[in-house]
Amino acid sequence: MSEDEHRIVDWAYLPDEVEKVSLWEVLHDGWIVNLRSERLTRTLTLELDVDHVRDFNHLPEGTLFKLVLSGVGFAAAVRWESWTGDSTLPDGMTTEENSAFYKDLGRKGRDVSISWSDLESSPESTFEVLQAEIAFGKLDAVALSLYLQNWDQDLVCIEVFVKAESIACSVGDQPATLEQFLALGEGFWRAFANQTLPGLQS
């Protein structure tokens, strides 16, 4: 094993020993209200409004869910660019052929990098979180992956990747462990699945 194997180089090629933690239950359907990075301090702060999780847990109005990454060494964002050829679905295709057709279209598209400055300067509540995930490596290595939908640009999806040395969570002004952070969302979705949310009881 090489000495650099602990480093998270690319989300698509993470080493097998990296531990991944999904943030879906707490951040899904949340809105980014603040995304800023400080090059001098090497930090990146992400603040999100997740109203359904906030209200379910009886948190004060306006409470934001915050992630702060320290020791940031990489930050990038890409958007999907479709293939410019004919994408008309032929008539008479079977379900399997239909699936293969769209899979081939996806293969012909490409990811295109976008300006990080433009991302940070986007208006508040432009991006909705569809998926979020953290990967923990060895020797102070952590990566954050976000899959966002841009409601200002015809629902264009954007992927954000950040590599850092550490990550901290907080709810409002209160620091939280990752377990506490996740538990807030887990409770909401458990109640949703059991149809015990206020207004959903049969």
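The values are calculated or read from the model by the stated rules, or taken from the named source; none is laboratory data. The structure displayed is predicted, hence computed values, not measured ones. Positions of Cβ are generated from backbone atoms using ideal geometry, with glycine treated the same way; all protein chains shown enter the neighbour counts.
Any residue in region 39-55 that is at pLDDT 85 or above and at positive phi? Looking for residues that are at pLDDT 85 or above and at positive phi, one finds at least one in region 39-55, hence yes. Residues of region 71-88 that are aliphatic (A, V, I, L, M) and assigned to a loop (DSSP other than H, G, I, E, B): 72 alone.
Taking the condition in a strand (DSSP E or B) and farther than 24 Å from residue 42 by Cα, does residue 180 pass? No, not satisfied. If only residues of region 162-192 that are among the β-branched types (Val, Ile, Thr) and farther than 30 Å from residue 112 by Cβ are counted, the one that is surrounded by the most Cβ atoms within 10 Å (Cβ to Cβ) is 171.
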